[in-house]
1. For chain A, would you read off the P(r) tail past 16 Å as a percentage of all alpha carbon pairs?
2. Can you tell me, using C-alpha contacts under 8 Å and at least 6 residues apart, the relative contact order of chain A as a whole percent?
3. What full-extension length gain, to one decimal in nm, is calculated for A:Y54 and A:S80 as 0.36 nm per residue of separation minus the Cα-Cα distance?
4. Could I have the simple spin-label model distance between B:S22 and B:K57, label points 7 Å from Cα toward Cβ, reported in nm to one decimal?
5. Note down the accessible area of B:F50, probe 1.4 Å, to the nearest 10 Å².
6. Mind ranking A:E17, B:E48 by accessible surface for me, highest first, 1.4 Å probe?
7. Give, rounded to the nearest 20 debye, the magnitude of the charge dipole that the protein assembly as shown has about its Cα centre when Lys and Arg contribute +1 at Cβ and Asp and Glu contribute -1 at Cβ.
8. Roughly how many Å is it from the Cα centre of segment A:10-85 to that of segment B:56-102, as a whole number?
Amino acid sequence: AQTVTQSQPEMSVQEAETVTLSCTYDTSESDYYLFWYKQPPSRQMILVIRQEAYKQQNATENRFSVNFQKAAKSFSLKISDSQLGDAAMYFCAYRSPGTSGSRLTFGEGTQLTVNP
Amino acid sequence: KAGVTQTPRYLIKTRGQQVTLSCSPISGHRSVSWYQQTPGQGLQFLFEYFSETQRNKGNFPGRFSGRQFSNSRSEMNVSTLELGDSALYLCASSSGVTNEKLFFGSGTQLSVL
């Protein structure tokens, strides 16, 4: 079974600065998908960024980018120019391809605080 | 386009009762999956329904069940509630095409007293 680990329960960053959230995973599969989700106080999980394992290029979405190291099974999220609205719980998630449908395996989460 | 709608937002029940939660997916989406979120266990997959059929199931006891209707709306039922069932229950919808994005609702917060 796959596991996802986020070793930073809490992180803080100053507004406009850059912060990196860590995630490692364990799998025997060669093809899979990795995600970062954001959960603000409204509780709704919002997709931040997605990475396909077969793609070597790191995914980027505006101020959000990932550092995907397949051999090391590492998938970190970098938030540039942090904004107050980025404050939330961030979850790293893994999904197998194909027949696993919509089954995601989540990490424990990292609570991000953005200081003005 | 309306997002994923979960009702009710909050629910209080007592041990031994049963509860039904509802999820209306995004229009056109055929897949609905359910997750349980607790401080101790984190986010755990319950099950997924696609075109009224359960196509994936997590490691939860049989007290947890679900169904999906022809309009893709889904319900989740928990029978004989236990204190440990207190959690945020999240629903997610997708088109059902392999590896499509999931869109989550805001969840139902269930408290079991």
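The values are calculated or read from the model by the stated rules, or taken from the named source; none is laboratory data. The shown structure was predicted, so the numbers you read here are calculated from the model rather than taken from an experiment. Virtual Cβ from ideal backbone geometry, glycine too; neighbours counted across all protein chains shown. Side chains are part of the model used for accessible areas, which takes the heavy atoms of the whole protein and leaves out ligands, DNA and RNA. Shrake-Rupley method; radii C 1.70, N 1.55, O 1.52, S 1.80 Å.
1. Details: 3819 of 6670 pairs.
Roughly 57 percent, once rounded to a whole number.
2. 37 percent
3. So the extension gain works out to 6.8 nm.
4. Here the answer is 2.6 nm between the modelled labels.
5. 50 Å²
6. So the residues, ranked largest to smallest area, are A:E17, B:E48.
7. Value, rounded to 20: 600 debye.
8. Segment A:10-85 and segment B:56-102 have Cα centres separated by 26 Å.
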